[in-house]
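Notes follow once the structure below has been shown.
The values are calculated or read from the model by the stated rules, or taken from the named source; none is laboratory data. Bear in mind that the values here come from a model prediction, so they are computed numbers and not experimental data. Note that each Cβ is placed from the backbone with ideal geometry, even for glycine, and that neighbours are counted across all protein chains shown. Heads up: the accessible areas ignore ligands, DNA and RNA and are worked out on the full protein's heavy atoms, side chains in. Shrake-Rupley method; radii C 1.70, N 1.55, O 1.52, S 1.80 Å.
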Amino acid sequence: MKNEQQEIICGRQPVLSALKSKTPIQRIIIAEGARGVVVDEIFELARETGVPYDVRDRPNLDRLGVGNHQGVVAHIAARGYAEYEMVLDQLDPKNSLILFLDQIQDPHNLGAILRSACALGVEAVIIPKREACGLTSTVVKVAAGAVEHISVCRVDNLQKAMIQAQKSGVWLIGLDLTAEKEFSTVEFPSSIGLVVGNEGKGLRRLVAERCDFLVRIPMVCTGVSSLNVSVATGVALYEVMRQRER
């Protein structure tokens, strides 16, 4: 059974079939205590294909209101994801622009970021599989067509993906409120990976440490401590584009 409004497939066999057919799955939720051959196969295929899954109590699944879920539901992505390794292979090491998003969770923010990224020349957006919003229907709607023109990659480990980008010749610049340098005073390299943090917490410590350097957006009004993450990303990307077009 598939609920189009909530983008959910429920039931053991339907979820297993979705996994086997490589349907773009956002996340699988399995009830605690769910047992059986099909459930075991779902676990195994999810691990093999890298699809995130959570084990939760059965009332949690009941609250989704999807009927007889049999202890298994899958949230379906509105669009498929690009292969990160393939994207890296296609990048020009002397002139590229990619965007790393560290656990952006609000679909409206992600959609707005994708729209700005597409308009300002970003070639690929990289998001983690866990603790982050994926390509839901809300994201696709807010992005207003951008998802069709930009590669979105979902990776198991964002830090590992950042290291891979650095090895490909990409310089990683992180947006951070505590950075000493203002972004407009920095001459950006020709091959850039802009790294943006979570709406509330910003960049995680290890992600920030992985960046080659950090920059901040100066705030004139002392009554406002920061910009909305989608606005901040758009401002930073515009500066990158301005410098690249000089």
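Please state which of the following conditions residue 232 fails to meet, knowing it meets all the rest: (1) part of a helix (DSSP H, G or I); (2) under 22 Å from residue 92 (Cα atoms); (3) touching a Ser or Thr at 6+ places or on another chain (Cβ under 9 Å).
Failing condition for residue 232: (2).
Which condition does residue 121 not pass, out of (1) under 18 Å from residue 51 (Cβ atoms); (2) open to solvent by 20 Å² or more (accessible area, probe 1.4 Å), if it passes all the others?
Only one criterion in (1) under 18 Å from residue 51 (Cβ atoms); (2) open to solvent by 20 Å² or more (accessible area, probe 1.4 Å) is unmet by residue 121, namely (1).
Filter segment 144-175 for residues that are assigned to a loop (DSSP other than H, G, I, E, B) and in contact with a helix residue (DSSP H, G or I) (Cβ under 6 Å, 6 or more places away or on another chain); which is farthest from residue 227 (Cα to Cα)?
Checking each candidate, the answer is 168.
How many residues does segment 13-30 contain that are touching a His at 6+ places or on another chain (Cβ under 8 Å) and within 9 Å of residue 72 (Cβ to Cβ)?
Total meeting the criteria: 2.
What number goes with the only condition from (1) within 22 Å of residue 132 (Cβ to Cβ); (2) open to solvent by less than 30 Å² (accessible area, probe 1.4 Å); (3) without any contact (Cβ under 8 Å) to a residue 40 or more places away in the chain; (4) more than 19 Å from the chain's Cα centre (by Cα) that residue 9 does not pass?
Residue 9 satisfies all of (1) within 22 Å of residue 132 (Cβ to Cβ); (2) open to solvent by less than 30 Å² (accessible area, probe 1.4 Å); (3) without any contact (Cβ under 8 Å) to a residue 40 or more places away in the chain; (4) more than 19 Å from the chain's Cα centre (by Cα) except (3).
Which pairs have Cβ atoms under 8 Å, sit 6 or more apart or on different chains, and link a residue in segment 49-68 that is within 9 Å of residue 31 (Cβ to Cβ) to one that is of a type in the set (Gly, Ala, Ser) and open to solvent by 60 Å² or more (accessible area, probe 1.4 Å)?
No pair meets every condition.
Considering segment 172-190 alone, what residues qualify as being closer than 18 Å to residue 92 by Cα and at pLDDT below 95?
Passing the criteria: 188, 189, 190.
Can you spot a residue in segment 80-99 that is among the aliphatic types (A, V, I, L, M) and farther than 30 Å from residue 193 by Cα?
There is no residue in segment 80-99 that is among the aliphatic types (A, V, I, L, M) and farther than 30 Å from residue 193 by Cα.
Could you list, ordered by first residue, the pairs with Cβ atoms under 8 Å in which the first is in segment 183-200 and at negative phi and the second is buried (at least 18 other Cβ atoms within 10 Å of the Cβ) and of a type in the set (Phe, Trp, Tyr), at least 6 apart or interchain?
193/100; 194/100; 195/100; 196/100
Of the residues 150, 126, which is of a type outside the set (Gly, Ala, Ser), in contact (Cβ under 8 Å) with a residue 12 or more places away in the chain and closer than 21 Å to residue 205 by Cβ?
126
Counting only residues that are part of a loop (DSSP other than H, G, I, E, B), buried (at least 19 other Cβ atoms within 10 Å of the Cβ) and under 17 Å from the mean Cα position of the chain (by Cα), how many does segment 187-229 have?
Total satisfying the criteria: 2.
Having 1 or more residues that are more than 30 Å from residue 240 (Cβ to Cβ) is the bar; report the helices (runs of 4 or more DSSP H) wholly within segment 1-109 that clear it.
12-20, 37-49, 58-62
Kindly check whether there is at least one residue in segment 81-98 that is more than 24 Å from residue 207 (Cα to Cα), β-branched (Val, Ile, Thr) and either surrounded by fewer than 17 Cβ atoms within 10 Å (Cβ to Cβ) or under 15 Å from the mean Cα position of the chain (by Cα) (or both).
The answer is no; no qualifying residue exists.
Considering only residues of segment 129-147 that are of a type outside the set (A, V, I, L, M, F, W, C) and without any contact (Cβ under 8 Å) to a residue 60 or more places away in the chain, which is least open to solvent (accessible area, probe 1.4 Å)?
145
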